[in-house]
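The values are calculated or read from the model by the stated rules, or taken from the named source; none is laboratory data. Not measured: the values here are computed from a predicted model. Cβ placement follows ideal geometry from the backbone for every residue including glycine, while neighbour counts extend to all protein chains displayed. Note: areas computed on protein heavy atoms with side chains; ligands, DNA, RNA excluded. Shrake-Rupley method; radii C 1.70, N 1.55, O 1.52, S 1.80 Å.
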Amino acid sequence: MQEEKVMEKIVSLAKRRGFVFPGSEIYGGLAGTFDYGPMGVLLKENVERLWFSMFRDSRDDMYGVDAAILMNPKVWEASGHVAGFSDPLVECEKCKKRFRADQLDDPKKCPECAGVLGGMRQFNMMFKTHAGAAEDDSAAVYLRPETAGGIFMNYKNVVDSIHPKLPFGIAQIGKAFRNEIAPRDFIFRLRELSQMEVEYFVPPSEWERAFEEWRSLMHLFATAIGLPEASVHELEVGDGDRAHYSKRTIDFEFDYPFGRKELWGLAYRTDFDLSAHEKGSGVSLAYLDEETKEKFIPHVIEPSLGVDRTILAILASAYREDELGGEVRTYLALAPKIAPVKAMVSPLLKNKPELVAKAREVREELKKVHPAIAWDDNGNIGKRYRRQDEIGTPFCITIDFDTLGENPDLKDTVTLRHRDSGEQERLSISEVASRIREAIS
Ligand code: ATP
């Protein structure tokens, strides 16, 4: 498949099947914004739930917060974002289009009209707005450009309320906003995005061990969401290219259809943030080790995972086309654990009340395994299968007259159809339940 075509196909499937829609579409959209539809919401929730489970809930040293998006602007002054969260901007003197200079092959020539690009300036990517009725700079606030700021603001609250022992971490999923100069590549570069972030606080001497620990967990998470190992690469970010707060950064890159690009980041933020906020606020953010009575500012390891880039990586690696029953079909080979729908139940014919009643009964039974068991009695069976293939449903279950006992040997058995192979087998209802349970566990 041609790579450009693959992106077109993914975007089209995402819209057709209710995963991702362009934001405010009937007004012509808004660059850098997308909305998740019914299937997208389920997929996103499954990914986020898995992240919470692996990065927070399965550990004794992790806590959650859900911080406000709007914060005192001094947060972003102290963190260095007001002064330095910027990208290099160039503008074409002819067509007036703007570009990020570091993303151009030739930073002097317009890639759209070949006109001359004007001098470069730094463009701050934070969205600025006003809190309250005043519209002057005294009321200026920013939409957070990373969720991390809200975690640092709650470091002291967590220490004072929960009294965790170092090392410990705080995890949060939430929205972040970046006024990207050139949003692009579907949900890869957005102006409104979601992040799954951990700030893990350690004694300074332990940063390397913690860095390795989170690095391994990020790889485990990539595997758990079904990204092929061969498509995920680490890039050690060089001295000149790291964010202002980082002493070591590894970018996790993914082979997207449009090239190898950053998927997630892992950064050693040292004590930069807590020290800066201590200085900015005048409030001590030192940690007191109860045993040694030593007082110090913890250092921080930050695994930062963009939700939207994760969803795009999942869609790109799951997208498949093959030939089945003499027809070309499209399907998503999603890991059952994150698939929006786990199984679809359907009566062979929708105008036979006894089939419908039995199918409803089977669906209720399977819902005890997982609530995401769909119902579909629209069109012929082949069409129902195709629809489920495109949303990545691992199993389809059909109830026919044999289920009702027309063939006594097959009473209370159903047809289980497998998404990837299209193969079908005859199983009892309890066997089907076990198959689903096994696949998603
Ligand atoms: P890039 O170099 O691609 O602009 P970044 O290095 O600025 O990304 P970070 O500041 O490390 O990104 O943000 C952490 C994570 O948040 C990224 O690894 C990515 O998953 C996600 N992310 C960052 N910017 C965007 C964006 N504009 N749209 C979608 N996700 C983003």
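Couple of notes before you dig in:
- Elements of type strands (runs of 3 or more DSSP E) contained in segment 22-92, each with 1 or more residues being closer than 24 Å to residue 214 by Cα, assigned by TED's automatic domain parsing to the domain that holds residue 308 and in contact (Cβ under 8 Å) with a residue 12 or more places away in the chain: 62-64
- Of the candidates 128, 156, the single residue that is open to solvent by 70 Å² or more (accessible area, probe 1.4 Å), within 33 Å of the chain's Cα centre (by Cα) and under 12 Å from residue 73 (Cβ atoms) is 128.
- Residue 271 vs. criteria open to solvent by 30 Å² or more (accessible area, probe 1.4 Å), modelled with pLDDT of 95 or more and more than 12 Å from the ligand (Cβ to nearest atom): yes
- Hey, residue 260 modelled with pLDDT under 95 and more than 25 Å from residue 52 (Cα to Cα) or not: no
- Residue, nearest to residue 82 (Cα to Cα), within segment 160-196, restricted to residues that are part of a strand (DSSP E or B) and among the aliphatic types (A, V, I, L, M): 176
- Scanning segment 301-321 turns up at least one residue that is open to solvent by 30 Å² or more (accessible area, probe 1.4 Å), over 30 Å from residue 208 (Cα atoms) and not small (Gly, Ala, Ser).
To keep it simple, each residue is scored yes or no on (1) touching a Lys or Arg at 6+ places or on another chain (Cβ under 8 Å); (2) open to solvent by 70 Å² or more (accessible area, probe 1.4 Å); (3) among the aromatic types (Phe, Trp, Tyr).
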{"residue": "22", "(1), (2), (3)": "yes, no, no"}
{"residue": "42", "(1), (2), (3)": "no, no, no"}
{"residue": "49", "(1), (2), (3)": "no, yes, no"}
{"residue": "65", "(1), (2), (3)": "no, no, no"}
{"residue": "69", "(1), (2), (3)": "yes, no, no"}
{"residue": "93", "(1), (2), (3)": "no, yes, no"}
{"residue": "100", "(1), (2), (3)": "no, no, no"}
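- Extreme residue, nearest to the chain's Cα centre (by Cα), among residues of segment 26-76 that are among the aromatic types (Phe, Trp, Tyr) and within 16 Å of the ligand (Cβ to nearest atom): 51
- Residue 283 being open to solvent by 50 Å² or more (accessible area, probe 1.4 Å), of a type in the set (Val, Ile, Thr) and either under 30 Å from residue 160 (Cα atoms) or touching a strand residue (DSSP E or B) at 6+ places or on another chain (Cβ under 9 Å) (or both): yes
- Any hit, segment 93-115, residues being away from the ligand (no atom under 16 Å from the Cβ) and under 21 Å from residue 277 (Cα atoms): no
- Checked against (1) touching a Leu at 6+ places or on another chain (Cβ under 9 Å); (2) more than 30 Å from residue 260 (Cβ to Cβ), residue 379 passes all but condition (1).
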